[in-house]
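Scroll down for the structure; my scribbles are underneath it.
Just so you know, all these numbers are worked out from the coordinates, no wet-lab data involved. Fair warning: this is a prediction, and the values are worked out from it, not measured in the lab. Cβ placement follows ideal geometry from the backbone for every residue including glycine, while neighbour counts extend to all protein chains displayed.
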Amino acid sequence: VAKKVRVGILNVTGYAGLELARLLYQHPHVELAAVTGRSEAGKPLGEVFPTLDDLGLTITAEVQGKVDFIFSALPHKASAEALLPFLRQGLRAVDISADFRLRDAAEYKQWYQVVHPAPELLKEAAYGLTELNKDAICGAQVIANPGCYPTSAILALAPALKEGLVEPDIIVDSKSGVSGAGRGLSLGAHFSEVNETVSAYGLEGHRHLPEITQELRRLAPGGKLRVTFVPHLIPMTRGILSTCYAPLVESRLGSGLASAQSELAAVYRDFYRDQPFVRVVSAPPQTKHTNGSNYCVIYPTVDPRSGRLVVISCLDNLVKGAAGQAIQNMNVMLGFEETAGLLGLGLWP
Ligand SMILES: NC(=O)c1ccc[n+]([C@@H]2O[C@H](COP(=O)([O-])OP(=O)(O)OC[C@H]3O[C@@H](n4cnc5c(N)ncnc54)[C@H](OP(=O)(O)O)[C@@H]3O)[C@@H](O)[C@H]2O)c1
């Protein structure tokens with residue numbers, strides 16, 4: 001029997017860390033050996049989160065004992081700071097925070113209003129969108145796990161951009177459940193503030209905009225691209241639905257709606273042919289089609305009246321948008337099957 005990899009989670013007490021612990025419990029090649037948390041240190045994990053009782057772990061302030069691999073689900077800045085000692089020891093890691101996603105330390109400072117704690121590592125980190133970046137992920141020491149909105153937007157647009165089907169003039173309109181804002185208490189996350197209402201936010205520039213732009217530029221022919229990104233908060237717990245728009249390049253798809261749609265679907269299906277967690281579907285999906293699972297479900301179509309591509313993508317922000325994708329990255333880094341521990345089906349209703 002092969003020895004299991006001993007894994008630690010920095011900050012199990014946030015939603016992303018909690019979801020990591022839930023998913024790692026089912027992983028065939030992993031032993032979850034250490035979970036840290038600041039305010040709950042010293043308490044049994046099952047006392048803080050009864051659903052995790054079977055893990056039989058105690059939350060500690062620091063990682064105790066030897067681990068072979070580390071996940072961080074800390075907020076940005078704290079995450080890179082906490083990962084540094086492990087990286088210096090040569091451990092490999094997946095960072096779920098935003099700390100290694102932007103390649104440019106000045107851009108990080110501009111969007112996150114703090115000085116990057118380890119700018120020298122930005123060049124070495126790989127952007128962990130497994131579907132597009134597997135080769136870099138295999139060999140990297142640290143992975144920048146993508147943001148939840150960027151995962152939905154980039155996967156929705158990558159085939160059309162890479163195949164030159166659209167002009168590089170993108171609109172991403174996204175809706176997220178409230179768990180996307182984390183577990184910390186805030187006025188904007190109160191039940192009575194979010195229930196029965198929908199609101200746009202981040203119009204002055206959401207932190208995921210530079211990430212979406214950076215990664216889509218790598219796919220667009222010529223690297224030129226502009227993006228408008230408007231996120232919305234929806235009264236639900238989990239899930240992201242992004243509707244993405246771009247002008248179609250005339251003459252790239254057949255004339256006639258039916259043939260354009262079937263050619264488009266064929267391009268998307270072919271692009272994601274070998275990707276276990278992207279499903280190209282033939283009807284508009286809902287967020288609940290992905291809740292609890294690591295799937296990103298994508299529906300590409302054309303609007304013949306305006307000549308635009310319209311792509312709808314759905315995912316669970318805590319799974320494909322955070323913890324599930326982090327495990328997918330670990331699987332690729334450590335040479336496990338990409339799907340190991342991640343084949344659980346979604347929840348319905
Ligand atoms: N939520 C999502 O859908 C999602 C998706 C993708 C990525 N992420 C990323 O995942 C990370 C965690 O997000 P989350 O949503 O799980 O957050 P969360 O639920 O709000 O949890 C934040 C946790 O961080 C702890 N914390 C705050 N500042 C800290 C510090 N300086 N040092 C140590 N612990 C600190 C808090 O613990 P105390 O009780 O000790 O204060 C709290 O448990 C973030 O970087 C976020 O960007 C989240």
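Looking across segment 329-344, just one residue is among the charged types (D, E, K, R) and either surrounded by 16 or more Cβ atoms within 10 Å (Cβ to Cβ) or within 15 Å of E131 (Cβ to Cβ) (or both), and that is E338. Reported count of residues in segment 2-32, each being among the small types (G, A, S), over 17 Å from the mean Cα position of the chain (by Cα) and farther than 17 Å from T58 by Cβ, is 1.
Cβ separations smaller than 6 Å between residues 6+ apart or across chains give the following pairs from segment 275-296 residues that are within 23 Å of Q261 (Cβ to Cβ) to residues that are buried (at least 16 other Cβ atoms within 10 Å of the Cβ) and basic (K, R): V280/R269; Y295/R279; C296/K320. Candidates in segment 182-200 are the residues that are touching a helix residue (DSSP H, G or I) at 6+ places or on another chain (Cβ under 9 Å) and in contact (Cβ under 8 Å) with a residue 40 or more places away in the chain; of these, the one that is farthest from the ligand (Cβ to nearest atom) is V194. The set of residues in segment 112-146 that are hydroxyl-bearing (S, T, Y) and more than 19 Å from the chain's Cα centre (by Cα) is empty. Of the residues making up segment 81-101, those that are more than 13 Å from E124 (Cα to Cα) and in contact with a His (Cβ under 7 Å, 6 or more places away or on another chain) number 2. Scanning segment 17-41 for residues that are outside any loop (DSSP other than H, G, I, E, B) and among the basic types (K, R) turns up just one, R22.
Can you confirm whether segment 203-213 contains a residue that is acidic (D, E), under 15 Å from V311 (Cβ atoms) and in contact (Cβ under 8 Å) with a residue 40 or more places away in the chain? No, segment 203-213 contains no residue that is acidic (D, E), under 15 Å from V311 (Cβ atoms) and in contact (Cβ under 8 Å) with a residue 40 or more places away in the chain.
Which residues, taken from segment 1-41, are touching a residue at least 40 places away in the same chain (Cβ under 8 Å) and within 14 Å of A340 (Cβ to Cβ)? Selection gives V5, V7, L23, L24, Q26, H27, P28, H29, V30. If you go through segment 21-41 and keep only what is near the ligand (Cβ under 9 Å from one of its atoms) and crowded, with 17+ Cβ neighbours inside 10 Å, you end up with T36, G37, E40.
For (1) farther than 14 Å from G321 by Cβ; (2) crowded, with 22+ Cβ neighbours inside 10 Å; (3) under 15 Å from the mean Cα position of the chain (by Cα); (4) β-branched (V, I, T), each residue gets a yes or a no:
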{"position": "C148", "(1), (2), (3), (4)": "no, yes, yes, no"}
{"position": "L161", "(1), (2), (3), (4)": "yes, yes, no, no"}
{"position": "L187", "(1), (2), (3), (4)": "yes, no, no, no"}
{"position": "A200", "(1), (2), (3), (4)": "yes, no, no, no"}
{"position": "H206", "(1), (2), (3), (4)": "yes, no, no, no"}
{"position": "L209", "(1), (2), (3), (4)": "yes, no, yes, no"}
{"position": "R217", "(1), (2), (3), (4)": "yes, no, no, no"}
{"position": "R226", "(1), (2), (3), (4)": "yes, no, no, no"}
{"position": "R238", "(1), (2), (3), (4)": "no, yes, yes, no"}
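Within 10 Å of A144 (Cβ to Cβ) and either in contact (Cβ under 8 Å) with a residue 24 or more places away in the chain or among the acidic types (D, E) (or both): which single residue out of A118, A98 fits that description? One residue alone meets the criteria, A98.
If L347 passes every condition in (1) surrounded by 24 or more Cβ atoms within 10 Å (Cβ to Cβ); (2) touching a residue at least 24 places away in the same chain (Cβ under 8 Å) but one, which one does it miss? Of (1) surrounded by 24 or more Cβ atoms within 10 Å (Cβ to Cβ); (2) touching a residue at least 24 places away in the same chain (Cβ under 8 Å), only one is false for L347: (1).
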